[in-house]
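Notes follow once the structure below has been shown.
The values are calculated or read from the model by the stated rules, or taken from the named source; none is laboratory data. All of these numbers come straight from a predicted model, not from anything done at the bench. Neighbour counts run over all protein chains shown; Cβ positions are idealised from the backbone, glycine included.
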Amino acid sequence: MANSNLPYGEGVSIHRPPVFNGENYVYWKIRMRIFIEAIDIAVWNAIENGPYIPMTKDDDKKEKHWSEWSDDEKKRAQYDYRAKNIITSALSIDEFFRISQCKSAKEMWDTLQVTHEGTSDVKRSRKHTLHPKEKHWASPSIFPTNPQSVSSALPTQLEPSYKEPLILVLHRVLDQC
């Protein structure tokens, strides 16, 4: 019997990355990190710290043309290419197009993270939003008084992915008032 709590189904291969379709990002992110680290920790390092870029040793410190790379430099630079391949292989078409213009695996990873978790400022704001009893919260009188007017009180330019959680939070605040 299949476990419906598993967003990717049973029997997922250890040879294929977990697929991300825009839902359950935190779960996918953890599984993806484990998957990549199991392949090669240096591949994960390319995602975390950015690609290795061979530079000239002269005073100018310019980026070397790929034809001038040593075998070791080619190997180290290859980790970013492998990481980009793994990440793009794990994404639905919508998520793929979100990161398709990124130049490095780190940029891809960071783009997905900001898109689905927000920046550190957004995360901090969400954390405070979920704790309405904290002192810094404004008076409940600034919120709409009935639940039906909550969604109409939100800015119209707010992204749909943020609107629904925000409506739920505002409903919780109204229930506590």
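What are the residues in region 1-36 that are of a type in the set (D, E, K, R) and either at pLDDT below 85 or surrounded by 14 or more Cβ atoms within 10 Å (Cβ to Cβ) (or both), if any?
The initial filter retains those residues of region 1-36 that are of a type in the set (D, E, K, R), namely 10, 16, 23, 29, 31, 33.
Glu10, Lys29, Arg31, Arg33 - these are the residues of region 1-36 that are of a type in the set (D, E, K, R) and either at pLDDT below 85 or surrounded by 14 or more Cβ atoms within 10 Å (Cβ to Cβ) (or both).
The set of residues from region 16-31 being among the hydroxyl-bearing types (Ser, Thr, Tyr) and without any contact (Cβ under 8 Å) to a residue 40 or more places away in the chain comprises just one member, Tyr27.
Residue pairs whose Cβ atoms lie under 7 Å apart, separated by 6 or more positions or on different chains, with the first residue in region 32-60 and free of Cβ contacts under 8 Å to residues at least 24 places away in the same chain and the second part of a loop (DSSP other than H, G, I, E, B) and surrounded by 14 or more Cβ atoms within 10 Å (Cβ to Cβ), are Pro54/Lys64; Pro54/Trp69; Met55/Lys64; Thr56/Lys64.
Mind listing whichever residues of region 16-52 are aliphatic (A, V, I, L, M) and outside any helix (DSSP H, G or I)? Spell out how you get there, then give the answer.
Filtering region 16-52 down to residues aliphatic (A, V, I, L, M) leaves 19, 26, 30, 32, 34, 36, 38-39, 41-43, 46-47.
The answer is Val19, and nothing else.
Being in the same structural domain as Lys29 (by TED's automatic domain parsing), charged (D, E, K, R), in contact with an Asp or Glu (Cβ under 8 Å, 6 or more places away or on another chain) and more than 24 Å from Pro17 (Cα to Cα) is a property that Lys64 has.
Condition check ((1) within 19 Å of Arg31 (Cβ to Cβ); (2) acidic (Asp, Glu); (3) modelled with pLDDT under 90) across all residues:
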site: Tyr52; (1), (2), (3): no, no, no
site: His65; (1), (2), (3): no, no, yes
site: Glu68; (1), (2), (3): no, yes, yes
site: Asp72; (1), (2), (3): no, yes, no
site: Ala77; (1), (2), (3): no, no, no
site: Arg82; (1), (2), (3): yes, no, no
site: Thr88; (1), (2), (3): yes, no, no
site: Ser100; (1), (2), (3): no, no, no
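Listed residues Tyr27, Tyr52; which is over 15 Å from the mean Cα position of the chain (by Cα) and of a type in the set (Phe, Trp, Tyr)? I'd like the intermediate steps shown before the answer.
Working: Tyr27 fails: over 15 Å from the mean Cα position of the chain (by Cα).
Matching residue, one of Tyr27, Tyr52: Tyr52.
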